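The values are calculated or read from the model by the stated rules, or taken from the named source; none is laboratory data. Everything quoted here is computed from the prediction, not taken from an experiment. Ideal geometry is used to build each Cβ from the backbone, glycine not excepted, and the neighbour counts take in all protein chains shown.
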């Protein structure tokens, strides 16, 4: 069996999504048997990178539990869809960066987990040119 | 990739490179020990202090006795001498005559806390009892030789209980927190926390958050109307608070140093100089002089340069839009030069060891106005208007727990012979709205 991994696909296969627009896609688990999976969590979230401590906030969250029958099969495409917020926009600053991603975390029996994420950009800020003094 | 248990991993501040199951287990063990220790101490205190008092009040049998003798008992405790009242009584239980030295339940149990340092208090207790007189007493039905002459509760016993309960509370809270972290992923925790905070940014699976999450509220800026334009901007850090802070630091430091300085000077005047102390005080006195200079500078700025008013034609600001700005500078000393800038700063807070540091980086500056402030008479405030064009690529104002992007209008003034001054006026920038014309 191949190495466990999460494969995330975004429907429009774009890198940039407009604020307030729709984000849809699906994910599959590769190299994982159905009976190994306890739960799968899918999040659309933003997080910060840079000099400061990492901040993170989840915009949309889905949890599918095998026990409650929410979870079907790892190798089948599991869809997700949400409407993106207006902010925070993706940002690439000097000491602060704001990143958006879809993160899928499969919790397996025995405390193991398989994590995969697919980044995307919310909005498109052009480079800011400081006015010369 | 599947993640197993890692023994070592890199860490800076709260940031880890992966799941820290070993660390979480260690933290959980620490809090479990704290909980167990608190529970153990609490159980010991309940058994040793509270339970005997409760039994004396609820289970002891009321009876009568005759006082045979009385004394103040003494006990050595390191270098101190401790005292307690003891009264010898005789009473009869089931036809059996019993005698005992007693007073309260602590005395009966010969507890260390039955003694106190006040001999007069112990003697005053004895004065209430007369030899040969009959009094009420209460004896333990399971052990009749245990008898007391007074009942009740000691208030300080209950205050002692607070300490182990605090340990238990911290231990239980920490343990629950760690166990939750152990079983719940960071994303799910963030979701639960947001729901609990009632911010309603996340209203269920897949639903979008309303308005502009992470953009600070604008109401604090738009609640003050301007005289020339729509809004008068509130000043950032108030000069009055800066002056108060400098005053507190100056008085506190120099007051403390002054006590030792007076002592040193008196020694010199009396012909018995303490040179070691004098030399030791020199850097502290210099620091005090520096603080006085800082205070004087703040005082000059606050008293000499009057208030600066900045008004804006609209708020919040949107990238690519144009706005009008009105600036007014009053005061006895109009500035020689006055400059108004639009600035954007990134701020990041992080931990280094046990210290929390904040780094600020200015990422954008636009000069809006630069000119001579001495345009009118001293009695008339200096006034000017200028235009502000928000850059099209401007990041909106952003605030999260450790990071922020802030926009502000900055007024910098120069008055001949006076220290330069700077005043900040925070503004909020929202993302560009293609349906809204903000010109």
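Among the listed residues B:70, B:88, which satisfies the condition of being in a strand (DSSP E or B) and out of contact with any helix residue (DSSP H, G or I) (no Cβ under 9 Å at 6 or more places or on another chain)? Full working, then the answer.
Details: B:70 fails: out of contact with any helix residue (DSSP H, G or I) (no Cβ under 9 Å at 6 or more places or on another chain).
Result: B:88 is the single residue among B:70, B:88 that is in a strand (DSSP E or B) and out of contact with any helix residue (DSSP H, G or I) (no Cβ under 9 Å at 6 or more places or on another chain).
Is it the case that residue B:222 is at pLDDT below 90 and more than 14 Å from every other protein chain (Cβ to nearest Cβ)?
In short, yes.
For the condition more than 14 Å from chain A (Cβ to nearest Cβ), surrounded by fewer than 13 Cβ atoms within 10 Å (Cβ to Cβ) and at pLDDT 75 or above, what is the one hit in B:29, B:37? Before the answer, list the steps.
Working: B:37 fails: surrounded by fewer than 13 Cβ atoms within 10 Å (Cβ to Cβ).
Only one candidate passes the filter, namely B:29.
Could you say whether any residue in segment B:81-93 is in contact (Cβ under 8 Å) with a residue 60 or more places away in the chain and within 19 Å of residue B:125 (Cβ to Cβ)?
The first filter runs over segment B:81-93 and keeps only residues in contact (Cβ under 8 Å) with a residue 60 or more places away in the chain, leaving B:87, B:89.
Checking which are within 19 Å of residue B:125 (Cβ to Cβ) leaves us with B:87, B:89.
Looking through segment B:81-93, at least one residue is in contact (Cβ under 8 Å) with a residue 60 or more places away in the chain and within 19 Å of residue B:125 (Cβ to Cβ).
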Screening A:114, A:104 for residues that are facing another protein chain (nearest Cβ under 7 Å) and either farther than 30 Å from residue B:407 by Cα or at pLDDT 90 or above (or both) leaves only A:114
### Any chance residue A:76 is surrounded by 20 or more Cβ atoms within 10 Å (Cβ to Cβ) and in contact with a strand residue (DSSP E or B) (Cβ under 8 Å, 6 or more places away or on another chain)
no
inquiry  = Please verify whether residue A:11 is at pLDDT below 90 and either more than 11 Å from chain B (Cβ to nearest Cβ) or at negative phi (or both), treating the condition exactly as stated.
reply    = yes
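Here's the yes/no breakdown for (1) farther than 30 Å from residue B:171 by Cβ; (2) in contact with a strand residue (DSSP E or B) (Cβ under 8 Å, 6 or more places away or on another chain); (3) surrounded by fewer than 14 Cβ atoms within 10 Å (Cβ to Cβ); (4) outside the structural domain of residue B:135 (by TED's automatic domain parsing):
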site	(1), (2), (3), (4)
B:50	no, no, no, yes
B:68	yes, yes, no, no
B:81	yes, yes, yes, no
B:114	yes, yes, no, no
B:122	yes, yes, no, no
Note on residue B:333: of the conditions (1) surrounded by 19 or more Cβ atoms within 10 Å (Cβ to Cβ); (2) within 39 Å of the chain's Cα centre (by Cα); (3) more than 20 Å from residue B:366 (Cα to Cα), unmet is (2)
For segment B:336-366, the count of residues that are under 16 Å from residue B:403 (Cβ atoms), free of Cβ contacts under 8 Å to residues at least 24 places away in the same chain and within 20 Å of the chain's Cα centre (by Cα) equals 3
For segment B:106-139, the count of residues that are at pLDDT 90 or above and part of a strand (DSSP E or B) equals 6
Considering segment A:119-131, residues that are surrounded by fewer than 16 Cβ atoms within 10 Å (Cβ to Cβ) and either facing chain B (nearest Cβ under 9 Å) or not in a loop (DSSP other than H, G, I, E, B) (or both), and then whichever is modelled with the highest pLDDT, we arrive at A:119
Residue B:344 fails exactly one of (1) at pLDDT below 90; (2) in contact with a strand residue (DSSP E or B) (Cβ under 8 Å, 6 or more places away or on another chain), namely (1)
Residue A:123 vs (1) under 17 Å from the mean Cα position of the chain (by Cα); (2) on the phi < 0 side of the Ramachandran plot: all pass except (2)
Of the candidates A:89, A:10, A:96, A:45, the one satisfying the condition of being under 30 Å from residue B:393 (Cβ atoms) and surrounded by fewer than 19 Cβ atoms within 10 Å (Cβ to Cβ) is A:10
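For segment A:54-80, enumerate the residues that are assigned to a loop (DSSP other than H, G, I, E, B) and within 13 Å of chain B (Cβ to nearest Cβ).
Residues of segment A:54-80 assigned to a loop (DSSP other than H, G, I, E, B): A:54-55, A:66-77.
Scanning segment A:54-80 gives A:54, A:55, A:70.
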Residue B:272: passes all of (1) in contact with a strand residue (DSSP E or B) (Cβ under 7 Å, 6 or more places away or on another chain); (2) more than 14 Å from chain A (Cβ to nearest Cβ); (3) at pLDDT below 90 but (1)
Determine if segment A:96-114 includes at least one residue that is in a strand (DSSP E or B) and without any contact (Cβ under 8 Å) to a residue 24 or more places away in the chain.
yes
